[in-house]
1. Once both labels are modelled 7 Å past Cα along the beta-carbon direction, what's the Met318-Asp125 spacing in nm?
2. Quickly work out the Ala190-to-Lys18 label distance, labels modelled 7 Å from Cα along the C-beta direction, and quote it in nm with one decimal.
3. Roughly how tilted is helix 77-86, in degrees to the nearest 10 and between 0 and 90, from the longest Cα axis of the chain?
4. Cut-off under 19 Å on the C-alpha distance; same-chain residues fewer than 8 positions from Lys327 excluded. Which lysines are left, in chain and number order?
5. Determine the distance separating the Cα centre of the range 52-99 from the Cα centre of the range 1-20; give it in Å without decimals.
6. Keeping to pairs on different chains or 8 or more places apart, tell me how many lysine pairs in the range 58-214 have Cα atoms under 24 Å apart.
7. Could you tally the net charge around Trp63, taking each other residue with its Cβ under 13 Å from the Cβ of Trp63, Lys/Arg +1 and Asp/Glu -1?
8. Could you give each residue of the range 190-195 its phi-based ³J(HN,Hα) in whole Hz, using Karplus coefficients 6.51, -1.76, 1.60 with θ = phi - 60°, and x for Gly or Pro?
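We did not get these values from a lab; they are worked out from the coordinates using the rules stated. On a predicted model such as this, the values are computed, not experimentally measured, just so you know. All Cβ positions, even for glycine, are placed from backbone atoms using ideal geometry, and neighbour counts span all protein chains on display.
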Amino acid sequence: MKIQDIQAIQSLLATPKKVAIIPHRNPDGDAMGSTLALYHFLSKNNHEATVISPNDFPDFLAWLPGSEMVRVFETDKENCTQILKEADLVFTLDFNAFHRVGEMEKVLEVLDTTYIMIDHHQKPDDYAAYTYSDTSFGSTCEMVYNFISFLGQKEQIDTIIGTCIYTGILTDSGSFKFPNTTGNTHRIVAELIDLGVENTKIPNLLFDNSSYSRLQLLGRALQNLKVLPEHKTSYITLSQDELNSFNYVKGDTEGIVNYGLSIKGIQFTAIFIENKDEKIIKISFRSQGGFDVNEFAREHFNGGGHRNAAGGKSELSMEETIAKFEKIVHTLTL
Ligand code: 5GP
Ligand code: MN
């Protein structure tokens with residue numbers, strides 16, 4: 001972050017402010033972890049902070065400290081809009097373009113406020129007065145740790161803030177396996193553990209709290225897995241009917257995409273999940289090695305993300321979407 005920006009933010013935060021903090025739509029562990037970490041930090045410093053999520057967060061994140069204070073725009077539009085209008089500062093975390101908040105985009109576009117962006121995705125838009133954007137980081141949570149440190153407030157990071165930060169680092173790094181996991185990531189995590197963050201309990205809360213029906217859904221997803229060995233590619237489909245038959249709840253499909261990469265020799269994988277309400281197929285892409293799924297998602301499926309993890313969507317039917325995907329894959333040399 002630029003030193004002038006840090007100084008400007010320090011003086012903005014020198015007196016109590018009304019602050020709204022926003023994660024992206026369909027928030028994941030990093031989006032919720034980073035917004036709640038900042039929420040606790042600002043609240044501790046006498047600011048009136050509110051986390052406003054564009055839509056609801058998945059159950060597997062409901063144990064995060066402060067999650068009960070999160071406002072959900074989709075189900076509380078009037079109050080959320082009012083809070084946003086009154087905010088002196090609006091932090092946007094773990095995204096860098098207003099279209100990532102869905103319907104809330106319309107409110108954000110016309111808001112007369114000071115935006116601060118903290119994010120690790122590519123190609124940031126320029127709506128923010130202060131932008132801390134760096135794609136070399138594995139998570140926004142790691143950047144929030146740095147942000148608090150830049151402000152000279154590192155000693156304010158307690159076990160509650162640390163728990164939120166640890167959660168985002170853990171989930172966005174694939175449990176410390178993804179390539180942008182650095183020595184610094186581990187040094188930060190080491191400090192958090194020294195503070196008392198329960199590093200063995202958190203993965204358990206996140207990943208070992210599955211329902212029986214979620215495991216059955218995973219079983220179906222794995223049965224649906226197709227492999228295109230000559231293109232080092234695999235993919236999974238889940239139709240709305242399949243989701244319904246396993247009593248799908250938000251969050252149940254989290255992480256399933258990664259199984260497609262666990263087959264020997266596979267470098268590119270995708271999961272296609274039908275959403276009949278939104279009339280779209282939501283897609284997640286993952287790669288290992290040099291293949292850039294961010295570019296792939298941007299070019300072909302109206303999405304984006306990072307080099308090895310990205311998402312997108314299709315308004316075609318499942319069959320048409322798969323046909324399109326396979327056709328493009330046939331032109332790739334992986
Ligand atoms: P996931 O597949 O876990 O939903 O997302 C993987 C990564 O891609 C995340 O960093 C997420 O923010 C990003 N991403 C997912 N869906 C979209 C999308 O539709 N558009 C853009 N620009 N990024 C996305
Ligand atoms: Mn993230």
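1. Result: 3.2 nm between the two label points.
2. For the pair Lys18/Ala190, the computed spacing is 4.4 nm.
3. 40 degrees
4. Lys226, Lys232, Lys282, Lys313
5. Taking the Cα centre of the range 1-20 as reference, the centre of the range 52-99 is 21 Å away.
6. Total qualifying Lys-Lys pairs in the range 58-214 comes to 6.
7. -3
8. Values, residue by residue: 4, 4, 5, 5, 4, 6 Hz.
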